[in-house]
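Report on the structure given below.
The values are calculated or read from the model by the stated rules, or taken from the named source; none is laboratory data. Owing to the predicted nature of the structure, the values given are computational and were not obtained by experimental measurement. Reconstructed Cβ throughout: ideal geometry from the backbone, glycine too, with neighbour counts over all protein chains shown.
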Amino acid sequence: MSTSRPSSTRARPSRRRSTAPLARTWSEGAYHDRIRKIIYPWFRVGAIGDYPDNVITPIANELVDSFVDRGSADLVVEFAEPLSARVLKRALGLAFVEEETLRRWFVELATGAANFESDPEKQAIADRASTEVNETLAPVIEHLAREPDDTLLSSMVNTEVDGERLTLQEVQSNLKVMIVGGLQATTDLIALSLWAILSHPDQLAEVRADPKLVDPAIEEAARWHSPVGTSTRQTTQETELAGVTLEKGALVAAVLASANRDPRNWTEPDRYDIHRREGGHLAFATGPHLCIGARLGRYEARTAWRVLLDRLPALRLDPARPTEITGWEFRSPNHLQVTWN
C-alpha cells in the first residue's frame, strides 16, 4: 500500500498552470519548499512591519480624501480596489506600471486562472497578458539583479537559500500569481469584512468603542464569508474519503467556505460574532499552502478599517442600494454603497 500523499495541488481543472507553470501555488514537496523558502523572507514582520503606517495608511487617506466631502461612496470601486492595486504596486516594485494596466493584467490573467472549461479563447487572453508581463518586466528584473532594492520583486530575484535562487521563469510565474492574488483576495477581504461589520450595527458600535476588536472582527468576517470558496486538489492514488471511493486522478474541490461553517467546529456557524473564540479558520488555507501574502492582506484590511472608521462618522450601508455577494471561487460584493454624516 502506498504511503504517498493521497492528493496533490498538481491538479489540472483549468489551464492556469500553462500561464504560470512554475508557481509555488500548484507545486508540492521539495520544489514547493524551495520556492517558499526563497519568497517567504520578504513577508516577515521585520521586512514589512512598517507597511501599515508608512505605505498603506497614506494611500488609504488619499483615497478617502477623494470622496469624504460627498457623504457617500462605493467602497469597492473607490477604495478597496485602488488601495489593493497601489499597495501591490509598491510591494512588487511596479511603480512604473499604470494602475489601469495592472488591473487589466489581473483581469486577463484571472481569466485563465478561472478557465475550468479549458476554453481556448479565454486561455489566449491570459497567454497574451502573460507574454506582456514577461516582456515588460524583463529589463526591470535585469536591473534589479545589478541594483537590488526593498521590493518583493527584487527579493525574488536576489534572495539565495541553500545556495539556490529562483530562475527567471520561476520569478515570472510567481509574480503573475501574486498579481492575481494580491488584487483579488485583498480587495475581497476588505470588501467582505466591511460589509460584514456594517451589516451588524450593534457589533460595529462595539468596534468603534474598542479598536482592539478590529482584528477579531476581520478574522470572523473571513470565516463567515470566505473570500476564496474552494481549493482544488487531484488524487495521486485511489483513496477513500467520507465513505466514497475516489479513483486516481479524480478532482476534489475542498470547500473552504464549508469548512469555515462546519457545526462540528463552530457554535452557530451561520452567525457573525466578533467575540467568537473557537480557533483558526481556513480562509487563507493551511499547512504548506497557507497563503504566503496573508500577513500583508491582513495589514491592508486592518489599516483600511481604522482609516475609514476614524474619518467617516456614522459610516453605514446605503439602504437604497443593497449589497449583492457574487462569485464562488472568488467571492465578494462588486459594489459596497455606503453613506455617512
Out of the residues in segment 156-186 that are touching a residue at least 40 places away in the same chain (Cβ under 8 Å) and in contact with a Pro (Cβ under 7 Å, 6 or more places away or on another chain), state the one that is surrounded by the most Cβ atoms within 10 Å (Cβ to Cβ). SER173
Could you list, ordered by first residue, the pairs with Cβ atoms under 8 Å in which the first is in segment 200-218 and part of a helix (DSSP H, G or I) and the second is of a type in the set (Gly, Ala, Ser), at least 6 apart or interchain? GLN203/ALA217; VAL207/ALA217; ALA217/SER193; ALA217/ALA196; ILE218/SER193; ILE218/ALA301
Extreme residue, farthest from ARG36 (Cα to Cα), among residues of segment 142-174 that are under 24 Å from the mean Cα position of the chain (by Cα) and among the aliphatic types (A, V, I, L, M): LEU168
Going by what's in this entry, would PHE284 be described as at negative phi and touching a Cys at 6+ places or on another chain (Cβ under 6 Å)? yes
Only one of LEU63, LEU88 is surrounded by 15 or more Cβ atoms within 10 Å (Cβ to Cβ), touching a residue at least 12 places away in the same chain (Cβ under 8 Å) and out of contact with any Lys or Arg (no Cβ under 9 Å at 6 or more places or on another chain); which? LEU88
Looking at ILE190, ILE179 in this structure, which one is touching a Phe, Trp or Tyr at 6+ places or on another chain (Cβ under 8 Å), part of a helix (DSSP H, G or I) and under 24 Å from ASP318 (Cα atoms)? ILE190
The listed residue being buried (at least 18 other Cβ atoms within 10 Å of the Cβ) and either at pLDDT below 50 or under 25 Å from VAL157 (Cβ atoms) (or both), out of ARG15, ARG44: ARG15
Which of the residues spanning segment 221-251 are out of contact with any helix residue (DSSP H, G or I) (no Cβ under 6 Å at 6 or more places or on another chain), in a loop (DSSP other than H, G, I, E, B) and in contact (Cβ under 8 Å) with a residue 40 or more places away in the chain? THR236, GLN237
